[in-house]
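The values are calculated or read from the model by the stated rules, or taken from the named source; none is laboratory data. This is a predicted model, so every value here is computed, not measured. Reconstructed Cβ throughout: ideal geometry from the backbone, glycine too, with neighbour counts over all protein chains shown. The area values use the complete protein model at the heavy-atom level, side chains included, leaving out ligands, DNA and RNA. Shrake-Rupley method; radii C 1.70, N 1.55, O 1.52, S 1.80 Å.
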Amino acid sequence: MRSFVVVGNLATTTPDFSLEDIPGTSGRIDILCRCINSAFVLSHGIRRDVDAYLILRGGGAAKTIHLRGRDLRHLNPDERTTAALLKKALALEAESRWTKSTPGIFVRAGDLADLSIFRGGTTYYLREDGSDHRGLPLARDGTFVLGDHIGLSEADEAILAGLGAEIVSVGPKSLHADHCIVLINNELDRREVPSHPAGGRERRTNGDE
Ligand SMILES: C[S@@+](CC[C@H](N)C(=O)[O-])C[C@H]1O[C@@H](n2cnc3c(N)ncnc32)[C@H](O)[C@@H]1O
């Protein structure tokens with residue numbers, strides 16, 4: 001299972017934000033919504049082999065929202081629908097165990113340090129000055145950790161260093177987190193279908209073939 005973890009440093013832990021002004025009222029949950037889109041949404045479907053974890057730190061104790069591609073329903077490409085799903089999850093009582101919100105979406109209390117998915121797998125910390133991902137043997141079931149517009153703190157970096165995370169770059173320019181996710185998904189897709197001329201591009205038939 002391919003996993004993405006995105007840290008929302010200011011992302012609100014309550015459902016009290018407006019779907020009419022997501023960036024201005026939610027501590028930039030719009031960034032997390034775009035990351036979800038990039039992690040899961042295909043032209044005609046959802047990536048079922050992806051998991052995403054959002055760390056929300058904007059108020060009180062941190063919460064984590066888990067989106068499980070295998071079971072995810074009601075996810076549309078637009079930010080508003082995604083934000084509405086997160087709002088629903090944030091309205092639930094967050095405890096130390098996962099609580100189901102809607103199909104494929106779970107919430108619990110906890111921060112980056114509490115994520116058990118790091119155990120046993122390969123962790124990659126996406127950072128501009130890391131090693132070029134194209135030259136690396138990326139694990140198919142790796143966990144990729146990204147920051148939001150603020151990035152990761154020194155304390156976060158210490159946690160990742162303790163996990164032995166490899167620091168990986170997707171290119172020479174600083175990109176939006178959601179664009180980095182697209183690039184990682186694309187790179188892993190290509191590696192999974194190496195014999196295809198386009199390195200994994202799906203073809204659509206038009207009836208003439
Ligand atoms: C908009 S950037 C954060 C910029 C923030 N001002 C900083 O200094 O960290 C959002 C996140 O995308 C990831 N990122 C952006 N560009 C990247 C690159 N070229 N390679 C790897 N990760 C990148 C990092 O995880 C970063 O925390």
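Between ALA139 and THR14, what length in nm is gained on full extension when 0.36 nm per residue of separation is reduced by their alpha carbon distance?
41.5 nm
Along each of its three principal axes, how wide is the spread of alpha-carbon positions in the range 108-163, in whole angstrom units, largest first?
36, 26, 18 Å, listed from the longest principal axis down.
Report the Cα-based extents of the range 2-192 along its three principal axes, largest first, to the nearest Å.
43, 39, 30
Report the charge-dipole magnitude of the range 53-209 in Debye, nearest 20, computed about the Cα centre from +1 at each Lys and Arg Cβ and -1 at each Asp and Glu Cβ.
In total the dipole reaches around 560 debye.
For PRO77, what is the net charge nearby, where nearby means another residue's Cβ is under 15 Å from its Cβ and Lys, Arg count +1, Asp, Glu -1?
Local charge sum for PRO77: 0.
Which value in nm describes the separation of the simple spin-label points at ASN186 and ASN76, placed 7 Å from the Cα toward the beta carbon?
Result: 2.7 nm between the two label points.
For the chain, what is the calculated [θ] at 222 nm in deg cm²/dmol (nearest 500), taking -39500 (n - 2.57) for each run of four or more DSSP H residues and dividing by its residue count?
Value at 222 nm, helices only: -7500 deg cm²/dmol.
Please report, as a whole percent, how much of the solvent-accessible surface of the chain comes from carbon and sulfur atoms (probe radius 1.4 Å).
Summing carbon and sulfur atoms, their accessible area is 49 percent of the total for the chain.
Of all DSSP beta bridges in the chain, what percent run antiparallel (nearest 5)?
Antiparallel bridges make up about 45 percent of those DSSP assigns within the chain.
May I ask what percent, to the nearest 5, of DSSP beta bridges between residues of the range 1-75 are antiparallel?
Percentage antiparallel, nearest 5: 50.
Calculate, for the range 2-192, the solvent-accessible area per residue in square angstrom, rolling a 1.4 angstrom probe over the heavy atoms of the protein chains.
46
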